[in-house]
1. Please compute one quarter of the surface area of the Cα convex hull for the stretch B:1-133 and express it in square nanometres.
2. Please report the equivalent ellipsoid semi-axes of the stretch A:41-81, computed as sqrt(5 x eigenvalue) of the Cα gyration tensor, largest first, in whole Å.
3. From the C-alpha gyration tensor of the stretch B:69-207, pull out the three semi-axes of the equivalent ellipsoid (sqrt of 5λ each), sorted largest to smallest, in whole Å.
4. List the relative contact order of chain A as a percent without decimals, with contacts defined as Cα pairs under 8 Å and 6+ residues apart.
5. In Å³ and rounded to a whole number, note down the convex hull volume per residue for the Cα atoms of the protein assembly as shown.
6. How many nm separate the modelled label positions at A:Asp159 and B:His83, each set 7 Å beyond the Cα in the direction of the Cβ?
7. Taking every pair of Cα atoms in chain B, average 1/r, invert it to obtain the Kirkwood radius, and report Rg/Rh to two decimals.
8. Report the relative contact order of chain B, percent, no decimals, based on alpha-carbon pairs under 8 angstrom and at least 6 residues apart.
Amino acid sequence: MNSLRITTHLTDAVIESLRAGQGVLISGRLLTARDAAHKRMVEALGRGEELLVNLRGQVIYYVGPSPAPPGKVIGAAGPTTSGRMDPYTIPLLAQGLKGMIGKGYRSPEVVAALAKYKAVYFVTYGGAGALLSRAVKAVRVLAYADLGPEAVHEFIVEDFPALVANDIYGGSVYQRESAEKVRMIGIE
Amino acid sequence: MRVIMAGEITTVVARLCREVNVTLGEDVLRALAEAREQEESPRGRDVLEKLLTNAALARAEGLPLCQDTGVAVVFLEVGQEVHIVGDLEAAVNEGVRRGYSEGYLRKSVVRHPLDRVNTGDNTPAVIHCRIVPGDRLKITVAPKGAGSENMSALRMLKPADGVEGVKRFVLEVVEKAGPNACPPLVVGVGIGGTMEKAALLAKEALLRPLGSRSDDPLVAALEAELLAAINRSGIGPLGLGGRVTALAVHVEVYPCHIASLPVAVNLNCHAARHRSAVLPDGIWRLIGSAADRKGKNDVSEEKHKSLGEKT
């Protein structure tokens, strides 16, 4: 499959060019955050505080990596289920977040917000944590170190493989023929 | 009577935790390779190819297959002629603690479901213990990731719903899970018993070697029908479309109340991880793929690789 090489920060021009189903290879900086870090960020915003990490133009990878064994920069580092971050996502998009990488469905609210805030949702290979760790070249903790695997990390990645799952035009990689669903439920 | 020191149990549990998270069972690898041949969608084939590469890489580099190294679910079959010196549950938890630390595995357990502070060592394990005839101890470690566990479900059907109701529920769970549970799935189904029995049956069904069929012809036919139906869904590998949505469907049944029809569906992602060891004749042995737990206590040890650790 022909993958498009893109680099973070994500510009509006790049986001406008992406369509659901397009394979990409991402290089540059990713931030990591999952359940606990999202909760803290959104609570901080609720108190009117500035975030410890500026999200403008950034891409968040939903991952809680396993610890780095000796000689490696990171352990396994595959995506977690994105839907759990849905309740926290819109306030972060409002802070300028431009991309998210995870696995699985997003809520209709988040999908609609992608168009509003001009951001894109990518999916990557769920359960291929060993393989994906190879694209991660450097790692450091940026915030919430006490959360361990749930801390906010900076990943420097090279050619990190992903697929555009939801674009700004309402396109989704998960749309299936409804006839197939009917066929499945109507088994004899 | 056989005497087993708790410390031996700790050593073996630690080793099982390390190995099971790094090395995928031969049955799963075979099923993924077959799926790659069967899959028609290019995207699905690409996913299956990557999953096989991931398994080879994890094994070669000693990395976990998936960063979600799970909550450690531990099944114990304790022979009634076994005497354990020391605290059995503490020994298992110490094994999990050591295995997850020494193996650079992720610590994914919080001390309380509501205050959500990480225990830092992946304990406590979820332990299921059964007393069986004989003088052996069998330990199975089956780490369970949350992606697939969160999409699992239980429903108390009415007897009038019958087998059609069971099928509809299983398909509904798989459909709702879509990409979230990391298909191709292993689908464990427990039918009958009580609410908690059905859930346990569903989890135990995940321990069967992939591709095995139930001894009960009625259940075996249901397994085959469900697998075919799930693979007509079009969900495909990682939900990106394709023919292979499940690698296997395993159904376990148990007698139940005249008024009940409990059904539990425990989904497992493609990284179907479980590893067992038994203590017969003073030698710990590894079992690549746990045998059916139901009435098969005489697991033929000969064909299983020895851990090489004399106790």
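Read the figures in this text as sums done on the coordinates, not as results from a lab. Quick caveat: nothing in here was measured; it's all calculated off a predicted structure. Here the Cβ is made from the backbone with ideal geometry for all residues, glycine too, and neighbour counts use every protein chain on show.
1. For the stretch B:1-133, averaging the hull's shadow over all directions gives 10.7 nm².
2. Computed over the stretch A:41-81, the values are 28, 12, 11 Å.
3. Three semi-axes, in Å: 30, 22, 12.
4. With pairs under 8 Å counted, the relative contact order is 29 percent.
5. Expressed per residue, the convex hull around the Cα atoms of the protein assembly as shown is 148 Å³.
6. Taking the simple label geometry, A:Asp159 and B:His83 are separated by 6.3 nm.
7. 0.96
8. Relative contact order, chain B: 23 percent.
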